[in-house]
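Asker: Sharing a structure here in structure tokens format.
The values are calculated or read from the model by the stated rules, or taken from the named source; none is laboratory data. Not measured: the values here are computed from a predicted model. Cβ placement follows ideal geometry from the backbone for every residue including glycine, while neighbour counts extend to all protein chains displayed.
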Amino acid sequence: MRNPSHSEGDSRHYSSHGNARIDDRELREGNPPCAEGSFHPKSSSVPAYRPVRHYTTAPVEQNVHAIKPHTGHYTDEVSHGSSRRSLSAHATAASESLPRRDPERNTIRESSSQQIRLLEAELEKARRENHTKDNEIKLLKRHLSNAQTENNHYRRKDTHSQELLDTQRQELQGTRAFLNMFDSYSGGEIIEMLNTLNAEIFQAAAAITDMTERARRDGGSHRRSDDTSVVEVGRTLGDEVGELLQGIEIGGESVAIVQAALQTSLNIAANCICRSWSKEGSVGKALNDVYVQIRAQQDQALVSGIWKSLTRAQSKRHVYKDHGVLAQVVEGLQVILVVAKLWPCGGSESEGLISSMIFKKVTIILGLLARLDEAMNERITSTDMMLYVPALGLPFNAQIMEDESGGESSSGTVLLVAEMGLMRVDKDSLGGAKRTVLLKPKVFLRESFVKQETTKAVVSEVQRQE
């Protein structure tokens, strides 16, 4: 179509694309059209042309061809009309394609919304479950705290109950011991233990006498008798015994008085230790007075016996392990040997040997005495048992004593004690003490030693006169 705004003489042709016009004169002269985007002017009188590019929004199904540059004049209306047709075609195509894609988008949107709602529902459900679990955990924590508190309470209560149980068990054991009517030892067993102790005392006295006499015969020097030793012997054994010890002759039979004096000293010491309640004299006397009162007031001897057993078990626990007690017994033997002029001088070898032997013998004797003391005063509660050592100077009584010489004397005076006896003390119907001798003590009578000394004096006088 020809643009009426141009003259007829100006013949310009449109290309097959309808986007650019080509001058006929250029065709006649054989000049080819310029390439897209470039321009070669024929003459300088024609102004340069800058091609105009048109852009459309995607999607665009038809490409709009660029306007080829050319020389000459052209009509803007034709160009604008072509552009409007192209844009209209694109708009029509886009409008036709939109209806077909909206259902798909709506479906995807609805599916996504539905999935979101499902996920939100699951999230809300998980939150509710989590909240429920938190509440359960808090509840369990409260239960655990209550259980721990209750456990601690019962634990403290159990500890207190255990302490009460231990206390009641101890009380029950004490009551059981208190109510025990059976003695742990019989009278025969006590007598057997006492005979063993007497035999050990006899052997110790004989060994000491033999060793000191042999040392004196061998020419060893002896310690001179002093007034202190004589007084100590007279206080323990009597003045008559002290005089007999001072007048003995070494190597003669008169040394028998030394062995008898040593036996008596050990017997007296053993009896004093066994009767004592404590190593403290004042404490022992007070405890003994209390026991006498209890025994007098109680009808049953079991009560006083149990009290004595429990008390002595505590008060005499350390008596036999006290070195002071051991030293006191050894000193009593030493003064007898000094008065008899049988103790070696100080610092000599014989003195060391004799002292060592005496300590060993006395230690054995105290061990046997401790066992006998426990059996008599702690293991026997139905009655009282005690050692019986007659006092020196008492008249001889054949019913409760035995003559060591083997004679059947019915009279005489007790000079020394060879072996200890055993006596049982019960409460009679009148509330007094009933004494029964279970084992008679063996004694040395003064008359026997006087006869021996008189006979020896007569023999000595006869030998002197001859």
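Asker: Given the conditions (1) more than 20 Å from residue 267 (Cα to Cα); (2) in contact with a helix residue (DSSP H, G or I) (Cβ under 8 Å, 6 or more places away or on another chain); (3) not acidic (Asp, Glu), and given that residue 430 satisfies all but one, which numbered condition is not satisfied?
Answerer: Condition (2) is where residue 430 drops out.
Asker: Report, by residue number, each residue of region 212-234 that is surrounded by 17 or more Cβ atoms within 10 Å (Cβ to Cβ) and either assigned to a helix (DSSP H, G or I) or not assigned by TED's automatic domain parsing to the domain that holds residue 418 (or both).
Answerer: Answer for region 212-234, where residues must be surrounded by 17 or more Cβ atoms within 10 Å (Cβ to Cβ) and either assigned to a helix (DSSP H, G or I) or not assigned by TED's automatic domain parsing to the domain that holds residue 418 (or both): 212, 213, 215, 216, 229, 230, 232, 233.
Asker: Under 7 Å between Cβ atoms, which residue pairs at least 6 apart in sequence (or on different chains) link something in region 389-405 that is at positive phi with a partner that is in a loop (DSSP other than H, G, I, E, B) and modelled with pLDDT under 95?
Answerer: Filtered contacts from region 389-405: 393/238.
Asker: Six or more apart or on different chains, Cβ under 6 Å: which pairs go from a residue in region 326-352 that's free of Cβ contacts under 8 Å to residues at least 12 places away in the same chain and charged (D, E, K, R) to one that's crowded, with 19+ Cβ neighbours inside 10 Å and assigned to a helix (DSSP H, G or I)? Could you list them?
Answerer: none
Asker: Of the residues that sit in region 269-286 and are hydrophobic (A, V, I, L, M, F, W, C) and surrounded by fewer than 18 Cβ atoms within 10 Å (Cβ to Cβ), which one is modelled with the highest pLDDT?
Answerer: Step by step, filter region 269-286, then rank; the result is 272.
Asker: Okay, moving on. Pairs only if they're at least six apart or on different chains, beta carbon under 8 angstrom, first in region 366-383 and assigned by TED's automatic domain parsing to the domain that holds residue 184 and more than 16 Å from residue 420 (Cα to Cα), second among the acidic types (Asp, Glu) and part of a helix (DSSP H, G or I); list them, first residue then second.
Answerer: Taking only residues 6 or more apart or on different chains, the pairs are 375/189.
Asker: Something else about it: Closer than 17 Å to residue 374 by Cα, at pLDDT 85 or above and surrounded by 19 or more Cβ atoms within 10 Å (Cβ to Cβ): is that true of residue 258 in this structure?
Answerer: no
Asker: Among the residues of region 273-295, what is the count of those that are in a helix (DSSP H, G or I) and more than 17 Å from residue 367 (Cβ to Cβ)?
Answerer: Of the residues in region 273-295, 16 are in a helix (DSSP H, G or I) and more than 17 Å from residue 367 (Cβ to Cβ).
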